[in-house]
Every structure is written in C-alpha cells, then in structure tokens.
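These notes concern the structure reproduced below.
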Ligand SMILES: NC(=O)c1ccc[n+]([C@@H]2O[C@H](COP(=O)([O-])OP(=O)(O)OC[C@H]3O[C@@H](n4cnc5c(N)ncnc54)[C@H](OP(=O)(O)O)[C@@H]3O)[C@@H](O)[C@H]2O)c1
C-alpha cells in the first residue's frame, strides 16, 4: 500500500491555487495549512476559535509567500445559508476554489454507547460527517469550475475498525468513508474533480492528548511528518487518484 510518505513535492506545487482548510487552528489542520501555503497556495483558514486562526495566519504571513484569510464558523451550528455565505465570500474575494481539506473534528471522551446521549450523537454526526457533506455541496460550483480540484476528507481507524467506547465518533468516521466512495463513483467521469480520504493514524495533536492522556507524546509522529501525503493528495500529482482511503502511516 502506498502511504505517500516519501512524496517529494516541488516548491511551487500549489501555486495559484486557493485551498480551504477546516479546523486549521491547531494540530493537523494547522500543519496542513502551513504546508500548503509553503507550496504556494492561498489558504482560507477555517475554524471555530478566531484567536487560534489568527496565530496560524501570522505564521503563514511570516513566510512571505501568500496572504491567507480567516473564516470562523462553528460547524455544530452551521446552516445551509452559512455555507452559502462562506462560498459567496470565497467567490467574491478569489473567484476560484481548488481544494478543500476537511480536517475539523469533534469528539467527546470515549464512553460506553449506553451512556452517550442523543445530543452528543447529533453533534458528532453534525461536525464530523454532515458538515463536510454540506460544505462540499455548497462549494461545488467553484470546484467544478476549477481546472484540477481535490477534496480531502479525514477518516480514522475508529471508522474503519470500530471498537468499544468510540460510539458516534466511529459511526461518523465510517460514514466519511462511505461518503468518499459514493461521491468518487459519481465523479468518476469528471477529469477535474476528485475526492479521497486520509487516515492519519496516531499523531501528536491537542485532540490526541485529550483522548489518549496516558500516551507518551514524544514517541508519536508529529503533524509535519504526515504532510507529504497531504501535499500529494492536494496537488496535481494525484489527479488520477479518486475514491481512495489512504493510511498515512504503516499499520503494525
Ligand atoms: N491526532 C490523531 O491522532 C488523529 C488520528 C486519526 C484521525 N485524526 C483526524 O485528523 C483530523 C485532525 O485531528 P487533530 O488531532 O489535529 O484534531 P484537533 O487538534 O482537535 O483539531 C481539530 C480542529 O477542528 C476544529 N473544530 C472542532 N469542532 C469544530 C466545530 N464545531 N466547528 C469548527 N471547527 C471545529 C477545532 O477548532 P478549535 O480549536 O477552535 O476547537 C480544531 O482546530 C480530525 O479529523 C481527526 O479525527 C487524528
């Protein structure tokens, strides 16, 4: 299986591209936003907490390559109209959109299914599955007009191999894989539009620290270690890859 961990992108891989990264304020989303910007993309930094997005904005601006923009939106509460307003803002400011990294995720601590509430399930499905569907759908007119558009969803081993206590989060992430397969099939005849999913595996991020508090952080891979796979899937070298669920790390 190809993990694309040895992919070596040219510096200008994403030049002239406009890319939306959800959950860009920390962890893998932050690392991907910076990696995409380093390779020439203009980044729309989406997230929930403006302060975190401003820090990433400053990091990207310091690179002196492209100027990002910030678009805060709480995916738990977002309506169809909110997504349409986001797309309208992108269209007015840039007139194009070449890719989306759906990275934002939410989970409660692991717990037995019988103690998970309806409200928790609604939030888990809303943020982790329904939001990426709705945001992609709203962005379609711009994506279809792009010469080479790539959508990356973020899946999880908990979706692929559901086990006890991961409840609604596992179900949402399993749904992400189904969404990718269905959408890729529907787009199989479109040469300029593709959708794939990455499974990061265990990575040292704030989310990981919350769900696995006993883990020794320094032995985990860092978000930057996974960026070759993210760059490969976002850039033109993956333009024939569609409907794949890709593990970023070798599974033992
Ligand atoms: N880290 C791992 O080991 C691992 C393993 C497998 C899969 N993944 C997947 O990789 C992706 C990134 O994970 P991570 O560990 O980097 O996560 P993280 O550190 O928790 O970051 C998640 C991001 O999502 C944003 N977010 C959460 N709820 C939101 C909402 N309601 N509206 C808008 N934004 C929201 C957060 O914004 P705020 O900071 O503003 O709350 C945060 O920036 C996720 O899809 C995760 O499931 C991670």
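Bear in mind these aren't lab numbers, they're just calculated from the coordinates by the rules spelled out. Since the structure is predicted, the reported quantities are computational estimates derived from the model, not experimental observations.
Defining a contact as two alpha carbons under 8 Å apart and six or more residues distant in sequence, what relative contact order in percent does the chain show? Reported relative contact order: 22 percent. Full extension of the segment from residue 216 to residue 145, taken as 0.36 nm per residue of separation minus the current Cα-Cα distance, would add 21.0 nm.
Compared with the dominant Cα axis of the chain, that is its longest principal axis, helix 50-63 is turned about 40°.
The distance separating the Cα centre of the range 47-68 from that of the range 119-195 comes to 25 Å.
Taking the Kirkwood radius as Rh and the Cα radius of gyration as Rg, the range 139-226 has a ratio of Rg/Rh equal to 1.07. Extension gain for residue 94-residue 115 works out to 3.0 nm (0.36 nm per residue, less the C-alpha to C-alpha distance). On a 0 to 90° scale, report how tilted helix 131-145 is relative to the longest principal axis of the chain, with both axes built from alpha carbons and the result rounded to the nearest 10. Around 20 degrees separate the two axes. On a per residue basis, the convex hull of the C-alpha atoms belonging to the range 1-53 measures out at 86 Å³. Size estimate for the range 18-247 follows the Kirkwood approach: the inverse of mean 1/r over distinct Cα pairs works out to 17.8 Å. Taking all C-alpha pairs of the range 1-148, those more than 25 Å from each other amount to 32 percent.
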